[in-house]
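Here is the structure we will look at, set down as structure tokens.
Throughout, read-outs are computed from the coordinates displayed, never taken from laboratory work. Being a predicted model, the structure only gives us computed values, none of them experimental. Heads up, the Cβs are rebuilt from the backbone with ideal geometry, glycines too, and the neighbour counts pull from every protein chain shown.
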């Protein structure tokens, strides 16, 4: 426990009165260096206050301003909140995250349209086979599974290929931050399950539509 210990800095003896948790003083993208917070030894321009959360913010500010004006009435009282300052530090990162989510949504939508067109084409080319299977007693569930299983396999293969690439890319991106989250495996499990569910919903619509068709019409056309 360093409290009450003596620190020698530039020939001056300092008594440690407290230790605070790490906080971001400069850029959030660099490592935080050791820092010593000293009492006022010369003129200073900024005073930090910790507001009482039980009191109204407006009342707190009025109290601080009245004390400030008491000692320096001619100097303008200007203030800013630490949490707002932190938000400004990550404003660009949040904007990039929002754009990434928008483009990801558009990518998923376009992929679903392509998947829908592909299953429609596949069902059309296998219409005679579907009709014969239905005549021989195949149920709607069996026909739907027949058309869906190959596409689901492709989605699963894509997930296994994309997961290590996404893991590596996220890890490289997070290295730019001194304070960062740990990548958890369940993130990718949830994303993979969502991809499978979205794919199944897209495929099932067209597959069920083809399975419910009248086999007589298909065989007559052939």
Calculate the length of the line joining the C-alpha centroid of the stretch 111-162 to that of the stretch 171-211, in whole Å.
21
Sorted from largest to smallest, which semi-axis lengths in Å does the alpha carbon gyration tensor of the chain give for its equivalent ellipsoid, taking the root of 5 times each eigenvalue?
67, 21, 14
What 222 nm value per residue comes from the helices of the chain, counting each DSSP H run with n ≥ 4 as -39,500 (n - 2.57) and dividing by all residues, nearest 500 deg cm²/dmol?
-21000 deg cm²/dmol
What FRET efficiency comes out for the pair residue 190/residue 136, r = Cβ-Cβ distance, R0 = 41 Å, nearest 0.05?
0.55
Treat each spin label as a single point 7 Å out from the Cα along the C-beta direction, and report the residue 197 to residue 178 distance in nm.
3.9
What angle, in degrees between 0 and 90 and rounded to the nearest 10, separates the Cα long axis of helix 91-125 from the longest principal axis of the Cα atoms of the chain?
0
Starting with the highest mean, order 59-67, 101-109 by the number of other Cβ atoms within 10 Å, averaged over the residues of each peptide.
59-67, 101-109
FRET efficiency for residue 79 and residue 35, Cβ-Cβ distance as r, R0 = 25 Å, nearest 0.05?
0.65
So how tilted is helix 185-211 from the main axis of the chain? Cα-based, degrees 0 to 90, rounded to 10.
30
Counting just the Cα atoms, what span does the stretch 1-89 cover along each of its three principal axes? Round to the nearest Å and put the largest first.
39, 33, 26
Pop a pseudo-label 7 angstrom from the Cα along the beta-carbon direction at both residue 106 and residue 66 and give the gap in nm to one decimal.
5.5
Starting from the 7 Å offset along Cα-to-Cβ, what nm value, one decimal, do you get for the label separation of residue 7 and residue 166?
4.4
Here the gain from full extension of residue 204 to residue 128, 0.36 nm per residue of separation minus their alpha-carbon distance, amounts to 25.5 nm
